[in-house]
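Asks: For reference, the structure I am asking about is given below.
Every number here is computed from the coordinates shown, using simple stated rules; none is lab data. Quick caveat, the model's predicted, so the values are computed rather than measured. Quick reminder, even Gly has a Cβ in these numbers, built from the backbone with ideal geometry, and neighbours come from all protein chains shown.
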Amino acid sequence: MELIFLGTGGAMPTKDRGLPSVVLRRGPELLMFDCGECSQRQMAAAKLGFNRRMRVFISHMHGDHVLGLPGLFQSMSFLGRERKLDVYGPEGIVEFIEAVNRTVPFKMRFPLWVHQVEAGIILKEKEYYIEAADLEHGTPCLGFAFVEKKKPGRFDPAKAGALKIPEGPLWKRLQLGETIAIGRSQVTPDQVLGPPRKGSKIAYITDTSPCKAAIELARNSTVLMYDCTFDSSKEEKARDYGHSTAKEAAIIAKKARAKSLVLLHISAVYEDAAPLLDEASRIFPNAVLASDMMRLPVNP
Ligand SMILES: [Zn+2]
Ligand SMILES: [Zn+2]
C-alpha cells in the first residue's frame, strides 16, 4: 500500500500546492480522500490510471474538497472508464452531483453511485472497513479511517517441510487458510502459519478544530494525516475557521498514539511551510510535511 498526495494545500491553490486530495493505493484498488480541483491532472501525472476499482470519500462540501469531482468524472468518461465509481460524502453530496449532471452537459460513460453517509462504519469489505466521524468545522465534516482487518500469519516453510508438505499448490491453500490432507492426516493452517499480523490503520482528518472525535478516529493509526492549516501564532484564526495548528496536530497524534503524522491542508499564506514541521516535530518527532506528488509507502 502507498499514499499518494495529489494536493496538499487548503482553501486556495498556490504555485506549489494544489487543493486537497490523497489517494491510498492498495494493490490495484484506489481509495481517494477528497477531490480538490484538478485532482484528475495529478492522478494522470502520478500514473494512477482511470479505470481502476476506485472509491472517493469526500470530507465536506467546501469547494476546495469537492470541486474536483465534476472534472474527474468528465476525464474518466473521455478516457473510457467503464467500471462503476462510488462516491461517499456528507449531506449535500447527492444534490451537488445531481445539479452538476443537470446543468453541465456531458455524457457520463460509467455507472456512478453516490452515497450520502453519516458517522459510523460506512463501508465493509472483506479485508478492511472505513469508519467516519463527525469533526468540528462549522459545517458537517467527516474524518475517515481506513482500517485493515488482521492478516493471516506468515507462512513458515520449515514447518511445512517438517510436516512433509510438498512445495506448490498445497502451500498456497494453507496460506489462504484452508485445511489440507496429507496421506491420511490433516494439516491445519495454524500448524504452518505464524501469529496473525496486525493490519494498518490510516486516518484522514482535515478541516477541524482539535476534538475528541478526531482523537478517537486517529487512535493507534499507522499513519495519521491531519489538518495543519496554520502555525501556533495564528491559533485564534484556526479556531475562527474550524482548523488546527501544527502544534495541535502533533498533540492529537500524541494523544491518539499514532505511529506517524503527515501534516496537510497547508494554508496558502506559507510559501515556506518548514516552520510548521518544526513546530509539530518538537511535540511529535515522527512527523512529515506533505508535498504535492509525495508518495509514502505504508507498513503496518
Ligand atoms: Zn479545506
Ligand atoms: Zn473546509
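Asks: Taking R0 as 41 Å, what FRET efficiency do you get between ASN220 and ILE182 from their Cβ-Cβ distance, rounded to the nearest 0.05?
Replies: 0.55
Asks: If you build a Gaussian network model of the chain, linking Cα atoms that sit under 10 Å apart, which residue out of ASP207, ASP16, ASP156 swings the most?
Replies: Per the Cα network of the chain with a 10 Å cutoff, ASP156 tops the list.
Asks: Simple spin-label model, 7 Å along Cα-to-Cβ: LYS255 to LYS124 in nm?
Replies: For LYS255 paired with LYS124, the spin-label model returns 3.0 nm.
Asks: OK, next. Given a Förster distance of 25 angstrom, what is the FRET efficiency for ARG53 paired with ARG102, based on the Cβ-Cβ distance and rounded to 0.05?
Replies: 0.35
Asks: Something else: Enter the per residue convex hull volume of the stretch 60-104, computed from alpha-carbon coordinates, in Å³ rounded to the nearest integer.
Replies: 77
Asks: A further question on this structure: Once you sort the root eigenvalues of the Cα gyration tensor of the stretch 1-143 as a ≥ b ≥ c, which label holds: rounded (a/c under 1.5), prolate (a/b larger than b/c) or oblate (the other case)?
Replies: Because its axes are fairly even, with a/c under 1.5, the stretch 1-143 counts as rounded.
Asks: For the stretch 109-172, what does the equivalent ellipsoid look like in terms of its semi-axes, each the square root of 5 times an eigenvalue of the Cα gyration tensor, given largest first in whole Å?
Replies: 43, 17, 7
Asks: As a test of the formula, what do you get for the chain when each DSSP H run with n ≥ 4 contributes -39,500 (n - 2.57) and the sum is divided by the residue count, at 222 nm and rounded to the nearest 500 deg cm²/dmol?
Replies: -7000 deg cm²/dmol
Asks: Connecting C-alpha atoms closer than 10 Å in a GNM of the chain, tell me which of ALA133, ALA145, ALA181 has the biggest fluctuation.
Replies: Comparing ALA133, ALA145, ALA181 in a Gaussian network model of the chain, the most mobile one is ALA181.
Asks: So how far, in whole Å, is the C-alpha centre of the stretch 81-140 from the one of the stretch 208-274?
Replies: With the stretch 81-140 and the stretch 208-274 each reduced to a Cα centre, they are spaced 25 Å.
Asks: Where q = 0.08 Å⁻¹, what log10 of I(q)/I(0) comes from the Debye formula for the chain, counting one point per Cα?
Replies: After summing over all Cα pairs, the log10 values are -0.40.
Asks: Expressed as an acute angle from 0 to 90° and rounded to the nearest 10, what is the orientation of the C-alpha long axis of helix 93-103 relative to the principal long axis of the chain?
Replies: Helix 93-103 and the main axis of the chain meet at about 70 degrees.
Asks: Take the Cβ-Cβ distance between MET12 and LYS172 as r, set R0 to 45 Å, and report the resulting FRET efficiency rounded to the nearest 0.05.
Replies: Efficiency, rounded to the nearest 0.05: 0.30.
Asks: Still on this model: Read phi for every residue in the stretch 42-56 and hand back ³J(HN,Hα) as whole Hz from Karplus 6.51 cos²θ - 1.76 cosθ + 1.60, θ = phi - 60°, with x for Gly and Pro.
Replies: With the stated coefficients, the stretch 42-56 comes to 5, 4, 5, 4, 7, 6, 8, x, 10, 10, 8, 4, 8, 9, 10 Hz.
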